[in-house]
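Reviewing the structure listed below.
The values are calculated or read from the model by the stated rules, or taken from the named source; none is laboratory data. Predicted model only: the values in this text are computed from it and were never measured. Positions of Cβ are generated from backbone atoms using ideal geometry, with glycine treated the same way; all protein chains shown enter the neighbour counts.
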Amino acid sequence: MKMKYWKRLITMVLVISLTASGLVGCGKSEDETDKTNSTETNSSSDDSASDKPDTWIADRTITVQAYVDDIGYSLPTDLSKTAVMQELTKRTGIILEIQYTPGDSDSTVLASQLASGTIPDVIVTYLNNSTRPEFALLLKAAQEGMFADVAPFMKNSKVYNKYLEEGYLPNDAYKNITFRDEFGGAAYILQLSINSVDRSLEFNPQEAYIGGMYIQKKILEALGVDPTQIRTEDQLYDLLVKIKEGGFKDDNGNPVYPLGPKYWGGSKDAMDFILREYNWGVSDGYNITDDGTIKHEVDTDYVFKKINFVRKLLAEDLMNPEFFTMDSTRAEEVSKTHNSAIIADIHNYQDPIYTTDDWVPLGPLNDFTGDNASITSGKGGYGAWAISAEAEKPEEIFAFFDYISTEEGQLLCQYGIEGEHYNMVDGKPVMTEEALQKLNEGDKEYLVNTVGAGFGGAGFQFYNFVLTDTDYLARFGESRPGASSSNTYAKSVELATQYPRTIRLVPGLKATAYLSADNMTEVKAQMSLLNYKEMLVQAMYASSDDEVNSIVESFRAQLKAAGNDQFIDYLKELYAQDSSSIDFYTK
């Protein structure tokens with residue numbers, strides 16, 4: 001392995017600062033006694049083992065390294081003792097051992113372990129598309145032969161054979177991740193959470209995440225405002241002024257801030273909701289004009305519209321001064337104590353929202369085209385997995401991952417054991433009274449350590465994360481276990497029903513995804529040193545208009561020096577070849 005390259009790549013993508021090196025493991029290790037040689041038969045090679053089910057794969061342990069904090073922090077105390085793992089072992093012979101290594105970020109741990117070559121049988125990581133920083137690491141590892149080629153196992157598989165069908169995988173997953181031209185037909189990286197049917201333009205209240213701004217219901221009612229009619233920056237400003245003039249107090253008797261930070265902590269990302277009308281650079285800062293000119297937003301007047309709007313809110317005390325910097329603990333506190341009249345970003349599956357009647361969605365604001373629809377690029381994925389080239393009999397590992405994504409496997413991994421945790425009613429699973437009660441109570445001990453099922457994200461996150469070819473609503477009658485009968489998220493569904501979102505399709509990848517091209521290597525290295533949102537925040541807190549202009553002009557010069565003109569020329573070529581390749585859109 002070329003360590004020099006890895007060090008350079010890691011520096012470009014992220015800063016390695018690993019603070020913990022101990023492995024958190026679950027599941028008991030066993031001596032591996034392989035019983036099968038082919039996923040095509042998906043059965044034991046011991047023909048005399050008539051007691052083995054048709055789903056039998058091999059008597060062995062598969063070690064998985066997860067680079068997903070949701071998985072790491074929901075690991076059972078003893079995975080091998082959970083009902084789901086025991087049943088999976090009965091059906092397949094497989095025992096899972098799942099490891100998670102904490103660090104400054106999951107990306108830093110992934111980069112460090114790939115660079116050192118210390119990966120076990122399987123790795124699982126975030127990867128919603130090829131623009132994420134993890135992909136550069138995974139691609140280099142695949143190029144250097146660290147992953148097994150699983151293409152030979154796909155044709156005769158039960159689920160992953162669909163990845164070979166034209167149009168099944170999202171274009172990015174097919175062309176840029178799994179079946180890249182340079183791989184010559186081999187497949188090393190498989191994206192997860194692919195929906196069996198593209199429902200990206202369907203609004204389903206049972207599974208809709210209504211994110212963005214939320215306003216206190218009592219303030220809304222006192223002012224007599226319809227939250228859905230706040231559609232422009234001017235209307236938002238007028239509302240904030242009314243809130244300030246209303247003299248509203250928080251739970252501790254302190255004046256509320258009209259606009260508070262993101263629920264999870266101060267973040268530049270919250271600008272996506274409060275400045276939506278001024279977000280011209282819809283594709284990671286880039287967009288195309290009506291006459292076909294590609295620009296970065298910093299070279300338009302929208303950069304000053306964003307800066308000046310926030311400067312006005314700060315100057316008039318309409319916005320918490322720590323909006324961009326508040327730590328997560330305090331941000332959660334100011335939300336829960338109602339110190340923020342409006343939370344800049346939260347969603348209907350956070351407990352302040354679904355456990356109370358205190359908050360309702362605000363907006364969403366129109367984008368620069370005058371449309372307030374949510375944007376989707378179409379069918380997508382969420383994670384990815386790969387098998388180590390050093391793993392013994394990778395076909396068995398592949399067969400296991402294929403099995404858990406069958407309808408039978410998904411039912412087990414999401415609902416648990418029939419008769420214990422659910423019963424089949426009219427062909428659909430219905431949770432038992434005990435299991436439903438535990439779900440409603442959020443009993444993690446039961447959901448994670450006793451059952452060990454995913455429960456749609458409420459239980460052991462591993463299964464929720466690694467399944468693919470999903471269509472829970474069609475197959476199981478509900479978008480997540482208990483959604484039809486549980487009262488846990490009843491408020492979440494109610495809000496999604498009352499405040500539906502329209503959806504607009506804008507196909508393509510973010511423009512910056514194409515910085516990964518071989519001819520953009522140096523440009524990407526220079527671009528990685530620049531942070532547009534950071535510049536915006538710096539300018540928003542500037543002491544004068546002259547300082548604002550100086551900060552903006554400096555960034556413009558830096559962007560140009562980094563090779564922005566060269567990158568735009570490349571984007572023009574790509575867009576001319578396929579206008580759906582980049583998610584540009586105009587009025």
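Quick look at the numbers
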item	result
Cross-chain or 6+ apart pairs with Cβ under 8 Å, region 110-129 first and without any contact (Cβ under 8 Å) to a residue 60 or more places away in the chain, then outside any helix (DSSP H, G or I)	Leu110/Tyr67; Leu110/Ile123; Leu110/Thr125; Gln113/Gln65; Gln113/Thr101; Gln113/Ile119
Residues of region 333-353 satisfying the condition of being part of a helix (DSSP H, G or I) and crowded, with 20+ Cβ neighbours inside 10 Å	Val334, Ser335, Ile353
The one condition in (1) closer than 18 Å to Asp269 by Cβ; (2) of a type in the set (Asp, Glu); (3) free of Cβ contacts under 8 Å to residues at least 24 places away in the same chain that Glu333 fails to fulfil	(1)
First in region 499-519 and at positive phi, second anywhere and part of a loop (DSSP other than H, G, I, E, B) and among the aromatic types (Phe, Trp, Tyr), Cβ under 8 Å, 6 or more apart	Gly508/Phe584
Considering residues of region 59-92 that are at pLDDT below 95 and among the small types (Gly, Ala, Ser) only, the residue farthest from Trp385 (Cα to Cα)	Ser74
Single match in Ile387, Ile417 (criterion: surrounded by 19 or more Cβ atoms within 10 Å (Cβ to Cβ), within 26 Å of Asp469 (Cα to Cα), aliphatic (A, V, I, L, M) and in contact with an Asp or Glu (Cβ under 8 Å, 6 or more places away or on another chain))	Ile387
Lys306 being in contact with a helix residue (DSSP H, G or I) (Cβ under 7 Å, 6 or more places away or on another chain), surrounded by 15 or more Cβ atoms within 10 Å (Cβ to Cβ) and at pLDDT below 95	no
Every pair of residues 6+ apart whose Cβ atoms lie under 7 Å, when the first sits in region 146-172 and is farther than 13 Å from Lys379 by Cβ and surrounded by 22 or more Cβ atoms within 10 Å (Cβ to Cβ) while the second is modelled with pLDDT of 95 or more and acidic (Asp, Glu)	Phe153/Glu395; Ser157/Asp402; Tyr160/Asp402
Residue within region 234-250 that is within 33 Å of the chain's Cα centre (by Cα), aromatic (Phe, Trp, Tyr) and assigned to a loop (DSSP other than H, G, I, E, B) present	no
Total residues in region 399-440, condition part of a helix (DSSP H, G or I) and closer than 16 Å to Phe462 by Cα	12
Residue in region 236-287 that is surrounded by the most Cβ atoms within 10 Å (Cβ to Cβ), counting only those that are within 30 Å of Phe567 (Cα to Cα), of a type in the set (D, E, K, R) and modelled with pLDDT of 95 or more	Glu277
Residue that is at pLDDT 95 or above, closer than 21 Å to Ala373 by Cβ and surrounded by 16 or more Cβ atoms within 10 Å (Cβ to Cβ), where the choices are Leu536, Leu509, Leu530, Leu495	Leu495
